[in-house]
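Take a look at the structure below.
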Amino acid sequence: MRVALAQIGVEGAAVDANVERAVDAVREAAGEGADLVCLPELFNVGFFAFDAYQRDAEPLDGPSLSAVRDAAVEEGVALLAGSVVEDLSATDGGPAEDGLANTSVLFDADGERLLAYRKHHLFGYESAEAQLLTPGEAVPTAELGGFTAAVTTCYDLRFPELYRSLVERGVDLLLVPSAWPYPRVEHWKLLPQARAVENLAYVAAVNGSGDFEDARLLGRSTVYDPWGTAVASTGDEPGIVYADLDPERVATVREEFPALDDRRA
């Protein structure tokens, strides 16, 4: 499965322009043979545009998600719609009657929703996210391209127990949309790699690019293989990262180095 990490430039609260960039990236990646295109966290509104969260919140069939989903269907590619601010009150059958969530949606190439993941660990350090949003509870998985895939989001990377619980459920591909800012470059390089190493799984971490009033996204979207080796990455400017993933590679590494079998309670 060829994965494309679409590290788009994200402008704070510029939803129309950001969605247009996302749609263009989906089409470009499809033209390069991608099977799955991944967008970054809050690709439409921008993570640090806190004042716009309420105004630009949408349900799971809202305009931003519909636009990128439709483009992916037209191009015949699966899509991780990084995340949007979800209006929980407007989502039919959602987990709550009101509030907002940081929600990523994984679609197959036919546009069918495979899963919706609401960010579990909300960032509280000098951030309004924990004040404005409701944390998710469910951690769904989906079958895609021969993998059992799961989605986590940005700050989740600091909580390894979440990833171990997913591996225990058979997950071998971890998709991580993010809005990781400077100056924490070393943390961004270390944590996704560590999650790959300790779980012997692919980790595809897609970050945004762009400047906000008080923050700058550091980019560096990277795909790590089950040994923790970076097989594809980029710098801090907008761009698309491509990597070919093989589910048999996970099985081979886990057989050669069966550390997961040596776990003790």
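Quick one: which residue in Ala251, Ala243 is over 24 Å from Trp188 (Cα atoms) and of a type in the set (A, V, I, L, M)?
Numbers: Ala243 fails: over 24 Å from Trp188 (Cα atoms).
Matching residue, one of Ala251, Ala243: Ala251.
Note on the range 35-46: among residues that are touching a residue at least 60 places away in the same chain (Cβ under 8 Å) and open to solvent by less than 10 Å² (accessible area, probe 1.4 Å), the one that is farthest from Val223 (Cα to Cα) is Gly46. Cβ separations smaller than 6 Å between residues 6+ apart or across chains give the following pairs from the range 114-140 residues that are under 21 Å from Tyr163 (Cβ atoms) and open to solvent by 20 Å² or more (accessible area, probe 1.4 Å) to residues that are part of a strand (DSSP E or B) and of a type in the set (S, T, N, Q): Ala116/Thr103; Arg118/Thr103. Within the range 254-265, residues that are of a type in the set (D, E, K, R) sit with their Cβ atoms under 8 Å from residues that are surrounded by 10 or more Cβ atoms within 10 Å (Cβ to Cβ), at 6+ positions apart or across chains, in these pairs: Arg254/Leu200; Arg254/Pro226; Arg254/Leu260.
Scanning the range 234-251 for residues that are under 20 Å from Gly31 (Cα atoms), buried (at least 18 other Cβ atoms within 10 Å of the Cβ) and either of a type in the set (Gly, Ala, Ser) or more than 18 Å from the chain's Cα centre (by Cα) (or both) yields a single hit, Ala243.
Scanning the range 73-99 for residues that are part of a strand (DSSP E or B) and out of contact with any helix residue (DSSP H, G or I) (no Cβ under 6 Å at 6 or more places or on another chain), which turns out most open to solvent (accessible area, probe 1.4 Å)? Taking the candidates together, the pick is Asp87. Residues of the range 1-20 that are without any contact (Cβ under 8 Å) to a residue 60 or more places away in the chain and either of a type outside the set (Val, Ile, Thr) or assigned to a loop (DSSP other than H, G, I, E, B) (or both): Ala13, Ala14, Asp16, Ala17, Asn18, Glu20.
Can Ala29 be described as without any contact (Cβ under 8 Å) to a residue 12 or more places away in the chain and either on the phi > 0 side of the Ramachandran plot or part of a helix (DSSP H, G or I) (or both)?
Working: without any contact (Cβ under 8 Å) to a residue 12 or more places away in the chain: no; either on the phi > 0 side of the Ramachandran plot or part of a helix (DSSP H, G or I) (or both): yes.
Spelling it out, it is not the case that Ala29 is without any contact (Cβ under 8 Å) to a residue 12 or more places away in the chain and either on the phi > 0 side of the Ramachandran plot or part of a helix (DSSP H, G or I) (or both).
Can you tell me how many residues within the range 202-219 are out of contact with any Pro (no Cβ under 7 Å at 6 or more places or on another chain), over 18 Å from Ala34 (Cβ atoms) and in contact (Cβ under 8 Å) with a residue 40 or more places away in the chain? Talk me through it step by step, then tell me what you get.
Our first condition is that a residue be out of contact with any Pro (no Cβ under 7 Å at 6 or more places or on another chain); within the range 202-219, this holds for 204, 210-214, 219.
Keeping just the survivors that are over 18 Å from Ala34 (Cβ atoms) gives 210-214, 219.
Going one step further and asking which of them are in contact (Cβ under 8 Å) with a residue 40 or more places away in the chain, we end up with 210, 212-214, 219.
Total meeting the criteria: 5.
The rows are residues; the columns are (1) among the basic types (Lys, Arg); (2) touching a Ser or Thr at 6+ places or on another chain (Cβ under 9 Å).
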| site | (1), (2) |
| --- | --- |
| Val85 | no, yes |
| Gly93 | no, no |
| Leu106 | no, no |
| Lys119 | yes, yes |
| Tyr125 | no, no |
| Glu129 | no, no |
| Gly136 | no, yes |
| Leu144 | no, no |
| Pro177 | no, yes |
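Number of residues in the range 55-72 that are crowded, with 16+ Cβ neighbours inside 10 Å and more than 19 Å from the chain's Cα centre (by Cα): the value is 1.
The values are calculated or read from the model by the stated rules, or taken from the named source; none is laboratory data. Remember, it's a predicted structure, so these values are computed and weren't measured experimentally. Every residue, glycine as well, gets a Cβ built from its backbone with ideal geometry; the counts of neighbours run over all protein chains shown. When the accessible area is computed, the model is the full protein with side chains, heavy atoms only, and any ligands, DNA or RNA have been set aside. Shrake-Rupley method; radii C 1.70, N 1.55, O 1.52, S 1.80 Å.
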